[in-house]
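Enquirer: First the structure, then my questions, so here it is.
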Amino acid sequence: MPSTQASSGVQTSTIVLATLGTVTTAALAYAVYFDYKRRSDPAFRRSLKRQQKQVSKAAKDEAVAAEKGQKEKLRQVVDDANNEGFPSDPEKTEEYFMTEVARGEQMCQDGSDPVDAALCFYKALKVYPQPRELINIYDKTVPKVCSVPNIHPPILCTDTPQPILDILAEMIAVDSSINVSEQAAPESEPVE
């Protein structure tokens, strides 16, 4: 027959609450000690500043190395594309252009590697007769919103490491055979 008296043992919930209270108190005490040490000990402050400088320097060095690696990757991609060659027949050139633009747009939409998408636009630019005009079209038509899978809502390309048009601009800068400067308009004869 079950007993109707309260048991004299300590309940599990009491043990859990006591442990939680002890851990919370210890964390709070450490935070107070750390704050006191930070405010009052000059050597501790110097060591914190030194650590922060080391971390920021390491981050800066890493960013420089990543940028250098990105530029080298772009140079290699552009060289590979130029070594593959481009069609010279007008019909094949038009088909090639349309195919590369469509691939680039598809890659923008499905969240593929931005370098691969920019490469498609670069290849289309190489066969287009008026590169400056095409760059203006790209500026208006290449999506400013990148579709990144599993991220809702879509994020702006400016929030990603490097938008596709910036990568394309770097590719154009690497390839000196693309003339993107404004062509001087023919001077009109003065009207008398």
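The values are calculated or read from the model by the stated rules, or taken from the named source; none is laboratory data. The structure presented is a predicted model; accordingly, all values stated were derived computationally and were not measured. All Cβ positions, glycine included, derive from the backbone under ideal geometry; neighbour counts span all protein chains shown.
Enquirer: Among the residues in the stretch 60-70, are any part of a helix (DSSP H, G or I), under 38 Å from the mean Cα position of the chain (by Cα), surrounded by 10 or more Cβ atoms within 10 Å (Cβ to Cβ) and touching a residue at least 60 places away in the same chain (Cβ under 8 Å)?
Expert: Looking through the stretch 60-70, at least one residue is part of a helix (DSSP H, G or I), under 38 Å from the mean Cα position of the chain (by Cα), surrounded by 10 or more Cβ atoms within 10 Å (Cβ to Cβ) and touching a residue at least 60 places away in the same chain (Cβ under 8 Å).
Enquirer: Considering each of Ala81, Ala18, Ala31 in turn, give the residue that is assigned to a helix (DSSP H, G or I) and touching a Leu at 6+ places or on another chain (Cβ under 7 Å). Before the answer, list the steps.
Expert: Details: Ala18 fails: touching a Leu at 6+ places or on another chain (Cβ under 7 Å); Ala31 fails: touching a Leu at 6+ places or on another chain (Cβ under 7 Å).
The match here is Ala81.
Enquirer: Can I ask one more? Among what's in the stretch 102-127 and is over 22 Å from the mean Cα position of the chain (by Cα) and hydrophobic (A, V, I, L, M, F, W, C), pick the residue that is nearest to Thr141 (Cα to Cα).
Expert: Result: Ala102.
Enquirer: Out of Arg45, Arg103, which single residue is surrounded by 12 or more Cβ atoms within 10 Å (Cβ to Cβ), of a type outside the set (Asp, Glu) and in contact with a helix residue (DSSP H, G or I) (Cβ under 6 Å, 6 or more places away or on another chain)?
Expert: Details: Arg45 fails: in contact with a helix residue (DSSP H, G or I) (Cβ under 6 Å, 6 or more places away or on another chain).
Going through Arg45, Arg103 in turn, just one is surrounded by 12 or more Cβ atoms within 10 Å (Cβ to Cβ), of a type outside the set (Asp, Glu) and in contact with a helix residue (DSSP H, G or I) (Cβ under 6 Å, 6 or more places away or on another chain): Arg103.
Enquirer: From the list Gln76, Gln54, Gln5, pick out the single residue that is modelled with pLDDT of 90 or more and over 26 Å from Val115 (Cβ atoms). Walk me through how you get there before you give the answer.
Expert: Values: Gln76 fails: over 26 Å from Val115 (Cβ atoms); Gln5 fails: modelled with pLDDT of 90 or more.
Exactly one of Gln76, Gln54, Gln5 is modelled with pLDDT of 90 or more and over 26 Å from Val115 (Cβ atoms), namely Gln54.
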